[in-house]
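The values are calculated or read from the model by the stated rules, or taken from the named source; none is laboratory data. If you're wondering where the values come from, they're calculated on a predicted model, not measured in any experiment. All Cβ positions, glycine included, derive from the backbone under ideal geometry; neighbour counts span all protein chains shown. Just the protein is used for accessible areas: all its heavy atoms, side chains included, with ligands, DNA and RNA removed. Shrake-Rupley method; radii C 1.70, N 1.55, O 1.52, S 1.80 Å.
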Amino acid sequence: AGPGPGSSSGGGGGGGAAGGESWYLALLGLAEHFRTSSPPKVRLCVHCLQAVLPRKPPARMEARTHLQLGSVLYHHTRNGDQARGHLEKAVSAPGGIPQFEDVKFEAASLLSELYCQENSVDTAKPLLRKAIQISQQTPYWHCRLLFQLAQLHTLEKDLVSACDLLGVGAEYARVVGSEYTRALFLLSKGMLLLMERKLQEVHPLLTLCGQIVENWQGNPIQKESLRVFFLVLQVTHYLDAGQVKSVKPCLKQLQQCIQTISTLHDDEILPSNPADLFHWLPKEHMCVLVYLVTVMHSMQAGYLEKAQKYTDKALMQLEKLKMLDCSPILSSFQVILLEHIIMCRLVTGHKATALQEISQVCQLCQQSPRLFSNHAAQLHTLLGLYCISVNCMDNAEAQFTTALRLTTHQELWAFIVTNLASVYIREGNRHQELYSLLERINPDHNFPVSSHCLRAAAFYIRGLFSFFQGRYNEAKRFLRETLKMSNAEDLNRLTACSLVLLGHIFYVLGNHRESNNMVVPAMQLASKIPDMSVQLWSSALLRDLNKACGNAMDAHEAAQMHQNFSQQLLQDHIEACSLPEHNLITWTDGPPPVQFQAQNGPTTSLASLL
């Protein structure tokens, strides 16, 4: 529910109304009674407020009444035109009324929200700028309006203007003695700089934030929430850079921090400095966010059962929160969690479940155009990965090409190109396109992103291509680079893939002992992840190796394992391709389709994984 008649800042009664204004207080009280009824009696509330205006009240009362009417109509009805009319009157009320400037600022804030909902962003921006100019004597509203305009620029992807405003806010907060809100402005700026990949500017900023947060003595929940914000930025920075091992101390601190917050009670003591009246995120949202970054870490590191456990916890928490809270950030959290767990499912051999979860992401994106525009490239990338897993290579190529068209995010671009290269390698007849792609993600020089993990993957793709071309020594060089990099940062899946491919090369070269030294640890690691396709590949190699070395018992055991993995994958393959959602693989344009037609069984064959 939005703010009610008596709740706009500065008190509902109009600053100690004299006896002659008792009619005003009576109407206001009645309006608030109707608004807080269950269910709210909005029509009667509006009638009471409208009854104030014909009596020609003093300017301050008139302005506040227009704000209250605009607020009730905006929050409780779909009558945007009337809400806009009242809010515009509140904003244009004469200035200079002591202690009532905040009415104008609140009205400007609400009105700009309404303009944005009506896609009139260019009308909202000057309104906020003017309110920012005249609110410097009102610290709470000045900071809030700066945050609001910065958010507006961020939604328009104008991160430079947003960063400038957050810098202005940080300096203003310092001047008015609010180190807490200064930290919020700086951390928000750090978040945008990370999004822009301005790493040279991020490092000193985060160092400064760390010092401010540690030195600030205030409300324990506010202090811990600043620490959570700071640590979330650090953890995501490491994960963006593919540094799964280096991030562990930060991630551990973050998990301890959220445990501390969950034991603290929300004190209702209001800060003495009005500029401190901000909170980054509700406690429950922070818990989900910490689960989310833990899932991101577990997936990158290849601890897929752990990723599954934390995803389940986070999704349960989200379901509970969404019953009471329609905040759009919850849907964003849900989509990002699903994106990660879908990748885990494809690795663990649960393609049918992955496909149903891709469909779930489509449904969430249908409900929000902004969510879809932010996640369309990821959605097509996931469909491309699914297509590879069911051996629909033409569809995989179409999905990855669509995703490349839709993304401006460098790391995602490099991830898609790496996977598209693997499609061309499997197809075996796309050399021209493949050479062009490999040149763009050359790990030996000018690699386009700073991600350790993606660079290691680029070496692996090079090794895979060299292997298919029979250039075994070159393949070994690339794969040893991958191993060196993946061991340095505990990238378990890349380690397992590199070991099994090296084992395959040594087997082809007739070096059975060296092959065994690679394949056995690959199998152990793949079982721990668990990575179904590497287990299938390793068991086939172990069967052939033991047969060649005359170890009949071991060969039989490996053959049995291979048979079991093949059966599981085949069953899952048939189930996935029979689902109506399988038709999503042909969607490459526009918003996600709403309906799926059932298929008459699978249309693809389970090929070998090489």
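Condition first: part of a loop (DSSP other than H, G, I, E, B) and free of Cβ contacts under 8 Å to residues at least 12 places away in the same chain. Now tell me which residues in the range 413-446 satisfy that.
Initial filter on the range 413-446 (part of a loop (DSSP other than H, G, I, E, B)): 428-430, 441-446.
Across the range 413-446, the qualifying residues are Asn429, Arg430, Asp444, His445, Asn446.
Among the candidates Phe478, Phe447, Phe468, single out the residue that is buried (at least 22 other Cβ atoms within 10 Å of the Cβ) and aromatic (Phe, Trp, Tyr). Every option except Phe478 fails the conditions. Residue pairs whose Cβ atoms lie under 9 Å apart, separated by 6 or more positions or on different chains, with the first residue in the range 378-399 and open to solvent by 10 Å² or more (accessible area, probe 1.4 Å) and the second polar (S, T, N, Q) and assigned to a helix (DSSP H, G or I), are Leu385/Gln399; Leu385/Asn419; Ile388/Asn419; Ile388/Ser422; Ser389/Ser533; Asn395/Thr586; Ala398/Thr586. Taking Ala93 and the conditions (1) over 18 Å from Pro57 (Cβ atoms); (2) surrounded by 15 or more Cβ atoms within 10 Å (Cβ to Cβ), which numbered condition does it fall short on, given that it satisfies the others? With respect to (1) over 18 Å from Pro57 (Cβ atoms); (2) surrounded by 15 or more Cβ atoms within 10 Å (Cβ to Cβ), Ala93 is out only on (1). Taking the range 264-290 as the range and being part of a helix (DSSP H, G or I) and open to solvent by less than 60 Å² (accessible area, probe 1.4 Å) as the test, the residues that pass are Pro274, Ala275, Asp276, Lys283, His285, Met286, Cys287, Val288, Leu289, Val290.
Among the residues of the range 213-263, which ones are assigned to a loop (DSSP other than H, G, I, E, B), of a type in the set (S, T, N, Q) and in contact (Cβ under 8 Å) with a residue 60 or more places away in the chain?
Within the range 213-263, the first condition is being assigned to a loop (DSSP other than H, G, I, E, B), and the residues that meet it are 216-219, 241-247.
Okay, now just the ones that are also of a type in the set (S, T, N, Q), so 217, 219, 243, 246.
Selection gives Gln243, Ser246.
Scanning the range 527-537 for residues that are within 17 Å of Ser389 (Cα to Cα) and touching a helix residue (DSSP H, G or I) at 6+ places or on another chain (Cβ under 7 Å) yields Pro530, Asp531, Met532, Val534, Gln535, Leu536, Trp537. Residues of the range 142-189 that are part of a helix (DSSP H, G or I) and surrounded by fewer than 17 Cβ atoms within 10 Å (Cβ to Cβ): Gln151, Leu155, Val160, Ser161, Asp164, Gly167, Val168, Glu171, Arg174, Val175.
For Gln432, the stated conditions do not hold, so it cannot be described as in contact with a Lys or Arg (Cβ under 7 Å, 6 or more places away or on another chain), of a type outside the set (Phe, Trp, Tyr) and open to solvent by 40 Å² or more (accessible area, probe 1.4 Å).
Collect the residues in the range 486-511 that are assigned to a helix (DSSP H, G or I) and either more than 23 Å from Met532 (Cα to Cα) or over 37 Å from the mean Cα position of the chain (by Cα) (or both), keeping them in residue-number order. Let's see the steps before the verdict.
Residues of the range 486-511 that are assigned to a helix (DSSP H, G or I), as a first pass: 486-488, 492-508.
Across the range 486-511, the qualifying residues are Ala488, Gly503, His504, Ile505, Phe506, Tyr507, Val508.
Does Arg43 satisfy being out of contact with any His (no Cβ under 6 Å at 6 or more places or on another chain), over 21 Å from Glu118 (Cβ atoms) and at pLDDT below 85? Answer is no for this residue.
Residue-wise test of (1) of a type outside the set (A, V, I, L, M); (2) within 20 Å of His452 (Cβ to Cβ); (3) more than 19 Å from the chain's Cα centre (by Cα).
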| residue | (1), (2), (3) |
| --- | --- |
| Asp164 | yes, no, yes |
| Ala170 | no, no, yes |
| Ser188 | yes, no, no |
| Met195 | no, yes, no |
| Glu201 | yes, no, yes |
| Ile212 | no, no, yes |
| Asn215 | yes, no, yes |
| Val235 | no, yes, no |
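In the range 149-159 there is no residue that is in contact (Cβ under 8 Å) with a residue 24 or more places away in the chain, closer than 24 Å to Leu69 by Cβ and in contact with a helix residue (DSSP H, G or I) (Cβ under 8 Å, 6 or more places away or on another chain). Taking the range 318-340 as the range and being open to solvent by 10 Å² or more (accessible area, probe 1.4 Å), in a helix (DSSP H, G or I) and either under 13 Å from Pro282 (Cα atoms) or of a type in the set (A, V, I, L, M, F, W, C) (or both) as the test, the residues that pass are Leu321, Met323, Leu324, Ile329, Phe333, Ile336.
Of the helices (runs of 4 or more DSSP H) contained entirely in the range 16-130, those carrying at least 1 residues that are among the small types (Gly, Ala, Ser) fall at 22-35, 59-76, 80-91, 101-117.
For the range 341-390, taking the residues that are closer than 25 Å to Ser566 by Cβ and not in a helix (DSSP H, G or I), the one that is farthest from the chain's Cα centre (by Cα) is identified as Val390.
Considering only the range 295-310, I want to know if a residue exists there that is outside any loop (DSSP other than H, G, I, E, B), within 26 Å of Asn492 (Cα to Cα), touching a Gly at 6+ places or on another chain (Cβ under 8 Å) and aromatic (Phe, Trp, Tyr). Before the answer, list the steps.
Step one: of the range 295-310, the residues outside any loop (DSSP other than H, G, I, E, B) are 295-301, 304-310.
Now restrict to residues that are within 26 Å of Asn492 (Cα to Cα): 295-301, 304-310.
The next check asks that each one be touching a Gly at 6+ places or on another chain (Cβ under 8 Å); those that pass are 300.
Imposing the further condition that a residue be aromatic (Phe, Trp, Tyr) reduces the set to none.
Among the residues of the range 295-310, not one is outside any loop (DSSP other than H, G, I, E, B), within 26 Å of Asn492 (Cα to Cα), touching a Gly at 6+ places or on another chain (Cβ under 8 Å) and aromatic (Phe, Trp, Tyr), which makes the answer no.
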